[in-house]
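This report refers to the structure that appears directly beneath it.
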Amino acid sequence: MTTQTIPPMLRSAKGKRPSFYETKGLDQMMSMIMVLAGEVSVLADQIDLMQRAAADKGLDLAGAMQAVTLDQPALEEREARRQAMLDRLFYLMRKEAAEASAEETSEGYSRTIEEIAIG
Amino acid sequence: MLNTFQQANHAALPEADAAELSRQEFVKSLKHYVQQGILPGLGPIYRTRAAERFQKETGRAPADRHDIRKAMVPDAYFQHYASVNRISQELLWDSVIDSIDREGEGLIARAEQAAASNKGELRIGEGFEVPRYVSALDIHCMPGGYAGRPGQDDLRLGALYDRGVFLYAMGYTGPDNDDMGRSVCLYIKAKLEGFQPRRILDLGCTVGHSTLPYKELFPDAEVWGVDVGGPQVRYGHARAGAMGLDVNFAQMNAEKVDFPDGHFDLVVSHILLHETSGKAMPQIFRECHRLLAPGGYMIHADLPPFDLMDPFTQFILDNETYYNNEPFWGAMRELDQVKLAKDAGFPADSIRFDTAPMAVMMFAQAEAAGYSLDAADAVAVREFTAGEFAPGGGWEVLIAQKQA
């Protein structure tokens, strides 16, 4: 543990940042996508590093990974994980579909607020 | 081509852990992709739909770079290009700051140790005033700016620049970021036969990337690098020490350099002029003339003027003005640099533009890490493409010689 007496570096550059999109929030959205793409790339590099570090110790992890045959439970486990990830990724679409089925509307929501205020 | 260029390590360079290095490499890859994969589409987008829409809306064809800008800004393809380009710039600095903050005072200690082995001087101006064209915006969106802020002006901003610029240039300027200086040195050796400068001044040197090759290629010369950024010259002095070179650094303004008349045989600058201003640039030319001994040379390696380019190319280049905190980038290209040199006192027949070929092939031949011959060749042998880093083939230089 080191003791730090110097302030951390600044993280924001002076100068008004331009907007690139007319749609509100899209600039932030694109920056998040790019950061996430970066993190995916970092993870891929980490797996690559694991394989190389193992190889340095005489363990052919990459070869062993290639040689693995996925049995039925493994196939199911993987597919379930992928579907769960997609489910999380598209949670807003799921919500939209659920609202459509339940016939939920913005007007209905406002009406509920008004009703509860007096009811 | 697969760009695997790697920066050479030295004792004052920020050290990245595995994840930080991956983030930095990702940004470098993203920049490469934007320039190779997305940029080429802007031309067709402009020709096939943006120009047409402009014509429909205004009843005339786009006439200059300003019209082209109006035509392109509402187009979704351009928006993605400009947005991702900007984001890559922001992520670049952030990825390096992670390393610098993690190491904290350790980095400063390493740099100070390296500085001790540089026998050259370091002069920091008491009460030095940073010109507005550097302090108004953080140039290249580098948080903190080149000169820092009161209480935030230690040499870490130089370290940030050192690593950040390598990523920004995607390694095109070599493992030591020194291609510009090296190329101009080699140009001098090849084209100004027998010219042996005894005192050399590099204006706007930042951390001395381009300054050090002058010491390497003219080892007997006294070499000075000056810059308005205190953190930059402090770090530059340390970096020179780390690289085993005795080079002098000073915090000075290129408009008014604290050396006597006729003190230098060679005054150079590399990508400095476009970071100054409409008032400063003519003054810098006059200052070069004052500082030079009779027969001495002034060489500025910077951007070619707009009048040499078509309007679409101008538009692409001008994006830097709007999106990368480069306020003088566009206006500078409209100035008549030859006239400025003439007005500063240089004889008309001594002033010319020329090209100093890039030295990037030499890095591959020297087997620098990641510098494959294929990739270096692809960088060296390119057509000029606006929006790519560095012109293909070579750097544009403006040369003038003071009356002997």
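Observations on the model:
- Shielding of B:76-85 by partner chains, average beta-carbon count, 10 Å: 4
- The 3J(HN,Hα) values that the Karplus relation (6.51, -1.76, 1.60; θ = phi - 60°) gives for region B:280-297 are, in residue order, 5, 4, x, 5, 5, 4, 5, 5, 4, 4, 5, 6, 7, 6, x, x, x, 10 Hz. Gly and Pro appear as x.
- With both residues required to sit in the protein assembly as shown, DSSP beta bridges show an antiparallel share near 40%.
- Cβ crowding within 10 Å averaged over residues, with A:93-104, B:19-30 ranked highest first: B:19-30, A:93-104
- Relative contact order for region B:50-207: 17 percent, from Cα pairs under 8 Å spaced at least 6 residues apart, divided by residue count.
- Reach of B:Lys70 by Cα under 15 Å, taken over aspartates and glutamates that are not fewer than 8 positions away in the same chain: A:Glu22, B:Glu52, B:Glu57, B:Asp318
- In this label model, B:Thr48 and B:Arg102 are separated by 4.4 nm, measuring between points 7 Å along each Cα→Cβ vector.
- Candidate lysines for bridging to A:Lys95, where Cα separation is under 30 Å - those fewer than 8 sequence places away on the same chain excluded: A:Lys24
- FRET efficiency for A:Ile6 and B:Arg198, using Cβ-Cβ distance with R0 set to 45 Å, rounded to 0.05: 0.65
- With 29 Å as the limit, the listed pairs B:Lys189/B:Lys342; A:Lys14/B:Lys279; B:Lys31/B:Lys215; B:Lys191/B:Lys279; B:Lys215/B:Lys402 have B:Lys31/B:Lys215; B:Lys191/B:Lys279 beyond it between alpha carbons.
- Charged side chains reduced to their Cβ positions (Lys and Arg at +1, Asp and Glu at -1) give the protein assembly as shown a dipole of some 1020 debye around its Cα centre.
- In summary, the aspartates and glutamates within cross-link reach of A:Lys57, defined as a Cα separation below 19 angstrom excluding same-chain residues under 8 places away, comprise A:Asp45, A:Asp48.
- Computed on chain B, with alpha-carbon pairs under 8 angstrom and 6+ residues apart, the relative contact order is 19 percent.
- Remark: mean inter-chain Cβ contacts per residue of B:15-22 equal 3, using a 10 Å Cβ-Cβ cutoff to other protein chain atoms.
- The mean number of Cβ atoms from other chains found within 10 Å of a Cβ in peptide A:40-51 is 3, as a whole number.
- If R0 is taken as 30 Å, the Cβ-Cβ distance between B:Ala61 and A:Tyr21 corresponds to a FRET efficiency of 0.70.
- Cα centroid of region B:137-163 to Cα centroid of region A:48-119, whole Å: 41
- R0 of 45 Å, Cβ-Cβ distance A:Glu104-A:Leu70: FRET efficiency to nearest 0.05: 0.65
Bear in mind these aren't lab numbers, they're just calculated from the coordinates by the rules spelled out. Quick caveat, the model's predicted, so the values are computed rather than measured. Because the Cβ atoms are built from the backbone with ideal geometry, glycine has one as well, and the counts that use them run over all protein chains shown.
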